[in-house]
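J.: Dumping the structure here so I can ask a few things about it.
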Amino acid sequence: MSGYLIAFEGGEGSGKSTQARRLADRLGGRALFTFEPGDSALGAQLRQLLLDTEALAISDRAESLLMAADRAQHVVEVIRPAMAAGRTVITDRYAGSSVAYQGYGRQLPPGEVERLSRWAADGLWPDLVFLLEVTPSVAEQRLVRAKDRVESAGAAFHQRVHDGFLRQAIEDPDRWAIIDGTQDEDRVAEQIWQVISIRFPDLV
Ligand code: TYD
């Protein structure tokens, strides 16, 4: 039987990476932790172009296409093979990030960005998406490391990204679970586990 695809979404400083890893650890060998952008050979190079190279001009549409290219390779090289082997794939960011950042954030039509992502992913959509919800001001306080190229956009951009995530979650409540990311780490992990036990009893 094919494994599930579970995505973690949210802004920087929402704790989603920590929680994605914790869930993968709890599931042990039955799960694979992965992330976007960057978790394939091509993806690692795209990630560098997208996030590290501050001097490089990248238009909003070019950024969307590079994120989509990363997703296309990620699906073929990492996600599909693991799912076909029956493993649950837990990805730190997926299409929801493109809709939030390139759609709502960069102000390209979110529906078009979503379609581009579906095409890139050859239709592979997550079975469940966790949104770790933290307001932009709390996220800003939590963020101690240097900002990448996308993060360096201003406060209005981050507010739009935040609202874009929430909208996606509200519009597709069967797929998305909103978790209050301001709670302490163990409590967030427990709530995530509760959702897993309800949606996928075969995993617990
Ligand atoms: P990530 O490596 O998850 O770092 P963090 O969550 O700690 O910021 O994300 C890297 C950046 O890539 C982040 O600023 C969001 C951005 N991003 C997009 O703009 N669109 C996308 O489709 C994805 C996957 C990421």
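The values are calculated or read from the model by the stated rules, or taken from the named source; none is laboratory data. Just so it is clear, the model here is predicted, and its values are computed rather than measured. Glycine gets a Cβ as well: all are built from the backbone with ideal geometry, and neighbour counts include every protein chain shown. Note: accessible area is taken over every heavy atom of the protein model, side chains too, but ligands, DNA and RNA are not part of it. Shrake-Rupley method; radii C 1.70, N 1.55, O 1.52, S 1.80 Å.
J.: Pop a pseudo-label 7 angstrom from the Cα along the beta-carbon direction at both D122 and E54 and give the gap in nm to one decimal.
T.: Those two pseudo-labels are separated by 3.9 nm.
J.: Suppose the chain between R30 and D163 were pulled fully straight at 0.36 nm per residue; how much longer would it get relative to their current alpha carbon spacing?
T.: 44.5 nm
J.: To the nearest 20 Debye, how big is the dipole of the chain about its Cα centre, given +1 on the beta carbon of each Lys and Arg and -1 on that of each Asp and Glu?
T.: For the chain, the charge dipole is close to 260 debye.
J.: For the stretch 116-181, what is the convex hull volume of the alpha-carbon atoms per residue, in Å³?
T.: Considering the Cα atoms of the stretch 116-181, their hull volume per residue is 118 Å³.
J.: Here's another thing I want to ask about it. At 7 Å along Cα-to-Cβ for each site, give me the label-to-label distance between A146 and Q45 in nm.
T.: 2.4
J.: Also: Could you check how much of the accessible area of the chain is carbon and sulfur, as a whole percent, using a 1.4 Å probe?
T.: The C+S portion of the solvent-accessible surface of the chain is 53 percent.
J.: Compute the accessible area per residue over the chain, keeping the other protein chains in place, probe 1.4 Å, unit Å².
T.: Value returned for the chain: 48 Å² of accessible area per residue.
J.: Give the value in nm², to one decimal: projected area of the alpha carbon convex hull of the stretch 1-124, averaged over all directions.
T.: Values: hull surface 29.8 nm².
Over every viewing direction, the Cα hull of the stretch 1-124 projects on average to 7.5 nm².
J.: If the only charges are +1 at each Lys and Arg Cβ and -1 at each Asp and Glu Cβ, what is the size of the charge dipole of the stretch 91-192 around the Cα centre, to the nearest 20 debye?
T.: Details: 12 positive and 18 negative charges, 110 e Å.
Dipole size: approximately 520 debye.
J.: Around A189, with a cut-off of 9 angstrom between Cβ atoms, what is the net charge of the other residues, counting Lys and Arg +1 and Asp and Glu -1?
T.: Here the charged neighbours net out to 0.
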